[in-house]
1. Would you say A158 is touching a His at 6+ places or on another chain (Cβ under 7 Å) and farther than 17 Å from S372 by Cα?
2. What residue, of E219, E225, E204, E194, is of a type in the set (D, E, K, R), closer than 25 Å to G138 by Cα, within 36 Å of the chain's Cα centre (by Cα) and open to solvent by 50 Å² or more (accessible area, probe 1.4 Å)?
3. Under 6 Å by Cβ, and 6 or more places apart or on different chains, what pairs join a residue from segment 108-123 that is open to solvent by less than 10 Å² (accessible area, probe 1.4 Å) with one that is of a type in the set (F, W, Y)?
4. Can you name the residue in segment 331-342 that is within 22 Å of the chain's Cα centre (by Cα) and modelled with pLDDT of 95 or more and is also farthest from V359 (Cα to Cα) among such residues?
5. Give me a count of the residues in segment 232-247 that are surrounded by fewer than 17 Cβ atoms within 10 Å (Cβ to Cβ) and hydrophobic (A, V, I, L, M, F, W, C).
6. Is there any pair with a first residue in segment 250-269 that is at positive phi and a second that is of a type outside the set (G, A, S) whose Cβ atoms are under 7 Å apart and which are 6 or more apart or on different chains, and what are they?
7. Please list, ordered by residue number, the strands (runs of 3 or more DSSP E) wholly in segment 286-392 having 1 or more residues that are open to solvent by less than 30 Å² (accessible area, probe 1.4 Å) and under 30 Å from C173 (Cα atoms).
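The values are calculated or read from the model by the stated rules, or taken from the named source; none is laboratory data. Owing to the predicted nature of the structure, the values given are computational and were not obtained by experimental measurement. Ideal geometry is used to build each Cβ from the backbone, glycine not excepted, and the neighbour counts take in all protein chains shown. These accessible areas exclude ligands, DNA and RNA; they are computed on the full protein's heavy atoms, side chains included. Shrake-Rupley method; radii C 1.70, N 1.55, O 1.52, S 1.80 Å.
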Amino acid sequence: MSDSSGQHLAGFTEALSNWAEGKTDFVNGLPPQLALQIPDQQMIPLLQKRIGEQSWKSSVWSAQQLENVQSEPSDPEHPKNLKPSSDWIRSTNMVGINVRTIGNFWQILKYQLCLPAHVQSIHLLPIWEPGVVSSLYGMASWRINTEFFSQGLYLLEAGLDTVEKQLIFVVDCLHKLGRLVGMDVIPHTDRYSEIVLANPSYFEWLHRDGMRIADHHAELYKKAEEAILIWLQFAGTADQTNAPLDPELFFRKLSEEEHLKALFGSDPQRRISLIDHLYRLGLEPVPATMAPPYRGLEVDPSPDAQTIDEAGRIWRDYRLTEPTEMSRVFGPLTRYQLYERKNDNRHWEIDFDRPRVHVWEYVACQYARVQSIYGFDFMRGDMSHVQMRPEGPSASPSPYYDLLAYVKTYIQKQAPNFAYFAESFLAPDDYMGYGNEVDHLIASKAEVALGNLQSTIPGSKEFLTELAHYQSIAQHTTLNPCFTVITSDKDDPRFDRFYTRSLAARMFTALLLTDWPSYYSLGVEQRDLKYYPWPNEYYTKLYVFYLEEGPKSRHGPYKWGGNSQLFHQLDRLHQFVSSNWSNIEGKPTKWLIPPNPSSGYALLVWHIGERYLCMVNFGEEAAGYQGVLSPYISGSWAMAHSLSGNSFSNLEVSHHGQISLPMIEGGEGVVWTRTKPPNRTE
C-alpha cells in the first residue's frame with residue numbers, strides 16, 4: 001500500500017472503529033478502492049471486534065472442516081433464520097461482485113465496509129475454474145477458481161490454506177454481518193471442460209470435417225467415449241490404476257471422481273493432450289446458442305470466422321442456418337443435453353417429452369453440493385431467458401420443464417429459503433426465446449428477473465416503457481422485475497451512452513422503490529462519465545474474460561473511476577436511507593405520478609407508506625408539478641433529502657390532494673418526510 005493511501009486511510013480511523021463497535025452499519029465516506037487497500041493485519045481485528053472473536057474463530061474452524069456446519073445457525077438474528085422462505089428476494093437490494101476486479105474472496109469483506117445494511121444481498125459472479133480465454137462463464141471444472149485465493153489471509157490465518165476454505169470463511173462472515181450471498185448457476189460449461197470429458201454422454205456432439213458438419217447423430221457421444229478411452233490406453237492412467245477401457249464400464253460404472261483421476265490426475269497437460277486428440281478426430285461438443293430458432297447449425301464460411309490457438313489448432317465458428325436478429329452461437333460453450341433427440345437428430349429436433357433424467361440429477365446434485373458446502377442463499381440463473389420450445393411456455397410445466405427451476409427446487413429441499421434471481425431481460429415475445437418470457441420465468445419458478453433498465457437511457461421513451469411494463473408485471477404476476485442500475489457485463493465501452501447521466505437518480509429510485517428488488521454492480525460508486533471509450537481497465541465487463549490482444553484485451557488490474565461528485569451523492573443517499581431504514585423497509589410503495597411513456601414526462605413521484613414522499617426527474621430539463629395527486633398524502637411534509645444537497649421548500653398538501661411540487665433539475669431526487677398526519681375528518 002502506498003504512503004498516500006495510508007495517509008488517506010488514517011482519516012477513517014474513527015469511522016472504522018465505530019463500524020467495528022457496531023455503532024454504524026457502514027463506513028461513511030470511505031471510497032471502495034480505498035477500503036480494498038486496508039492492510040490485512042488491520043482488517044482482521046476490525047472484523048473480530050464486529051462479529052466477536054469467538055465467532056471469528058468458529059468461522060475459521062467451519063472453513064477448515066470443508067463443510068457447511070453453520071447451515072443451521074443458532075443465532076435468531078442470523079439472516080438465514082430471518083428468511084423462512086424465498087420471498088425475501090422479491091424486495092432485496094443486491095450488489096453484484098466480479099471477484100476478479102478486486103482480486104480475491106477476502107477482499108469482499110473489505111468492500112462490504114462500504115455497504116450499508118439496506119444492501120442486504122451480494123451476488124458473486126461465477127467462482128469456478130475458467131476455461132477458454134479465462135471466461136468466468138465458461139466453467140472448466142467444479143473446482144473453485146484458484147486466482148481468488150488470498151495469500152495475505154493465509155499468512156495471518158494458516159488454517160485458511162485453500163481457496164475453498166477461504167470462500168467458506170468469507171461467506172460465513174458475510175452471513176454474520178447480515179448479508180445473504182448468491183452464486184451463479186450456469187446451464188453450460190466450457191466446450192472441453194473436465195465435466196464434458198469425464199461425462200461425454202451428458203452433452204451433444206458433432207463431427208466436423210473441415211468446413212462441414214459431417215455427423216451430428218444422437219448417439220455420437222459414443223464415438224467420443226471410444227476416442228477418449230483410446231487416448232487413455234496410449235497415455236496410460238494418471239493414477240496408475242487399471243481403469244476399464246470398455247465405455248459401459250468406465251463411463252457408466254465409475255464415478256466422475258474416478259474418471260478424472262484416471263484421465264488427468266493433477267497434470268493439466270493431460271487434458272490439453274486429450275483435447276488435441278479429439279480435435280484431430282474432428283469431434284466437438286455442440287456449441288451453445290441463443291435466441292430462436294436455437295437449433296440447426298453449420299460451419300460459418302466467412303474467412304475470419306475462426307480462431308487459431310497457441311498450439312496452431314484452427315477452430316471454426318458456427319452459425320445458425322435460419323438466424324433471427326438475436327441469434328448467437330457461443331463457440332467456447334456447450335449446454336448439457338437435457339432431452340433426447342427426434343429422428344436420430346437428423347433435423348436438430350429436440351424431443352421434450354423424453355427428458356434425460358440422469359443429466360438433470362447430475363447438475364442439480366452438483367449445485368446442491370456447492371450450496372451445502374458454502375452456504376449460498378440464492379442463485380443467479382445464467383441465460384434464464386432461454387426457452388427452446390417452439391410451442392412456447394407450458395401452462396402446467398413438468399418437473400423437467402427448465403433446468404434452473406429444477407436446480408432451485410432440488411436445493412430448496414435442504415435450504416427452503418433458497419431463491420432464484422433470473423438473468424432475463426424481459427424481452428418481447430419470440431425475441432430471446434419462444435413465446436412470452438414472463439410466462440416462461442413463472443413456469444421456471446423465478447421470483448425475480450434482472451430486466452433491461454440498465455440498457456436504456458434514463459428518461460427516454462424506452463426507459464419509461466420498460467419501467468411501466470415492469471410495474472404491470474409486478475402487479476399482475478408472481479414475478480418481480482428488478483430496478484437494475486448497471487451490471488458487470490454492461491460496464492463496457494459499447495454501452496457508455498446509457499450511463500452519461502442520472503446514475504445517482506437510478507440508485508435513488510432503486511433503493512426507494514421498496515416493493516421492487518434492485519441490482520447494481522461493484523464499480524458504479526465512482527463511475528466516470530465516459531463520453532468516448534476509455535482504456536479497458538476502467539470497465540468491469542473486460543474482467544469477465546481475459547484476452548491478451550485485440551480490442552477487448554486489458555492489461556493490469558481494474559481501475560476505479562474518480563467521479564467524486566457521484567460518490568458523495570451516493571454516500572449521502574446511503575446515509576439517509578440507512579438512518580431511516582427501519583421506517584422504509586417493508587413499507588408499500590404507491591405511485592402518484594407513475595412512469596408514462598406516452599406523456600413525454602420523465603418526472604416520477606411516489607410515496608412510501610404514510611411517511612415519505614419521493615420525487616425524481618429522469619429528464620434532461622427541469623420539471624415540477626402543480627395539481628391534485630391523492631388525498632392520501634394530505635398534510636405537512638418537511639424536505640428530508642436531495643441528491644444534489646440543495647434545499648427545497650416544505651410541502652403543504654390539502655385534504656383534496658392539491659400539491660405544488662418544486663421544479664427540480666434533471667438527475668435530481670428529493671425526499672420529503674411527513675410532519676403532520678392527514679386530517680381524516682376534513
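1. Considered against the rule, which asks whether it is touching a His at 6+ places or on another chain (Cβ under 7 Å) and farther than 17 Å from S372 by Cα, A158 comes out as no.
2. Going through E219, E225, E204, E194 in turn, the sole match is E219.
3. Going by the 6 Å Cβ cut-off, the qualifying pairs are L115/F26; P116/F26; H118/W581.
4. Here the residue is L333.
5. Here the count works out to 3.
6. G265/D239
7. The qualifying strands (runs of 3 or more DSSP E) are 378-381.
To keep it simple, each residue is scored yes or no on (1) within 15 Å of L156 (Cβ to Cβ); (2) at pLDDT below 95; (3) under 29 Å from the mean Cα position of the chain (by Cα); (4) not hydroxyl-bearing (S, T, Y).
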residue	(1), (2), (3), (4)
M1	no, yes, no, yes
K23	no, no, no, yes
F26	no, no, yes, yes
L30	no, no, yes, yes
P45	yes, no, no, yes
Q64	yes, yes, yes, yes
V69	no, yes, yes, yes
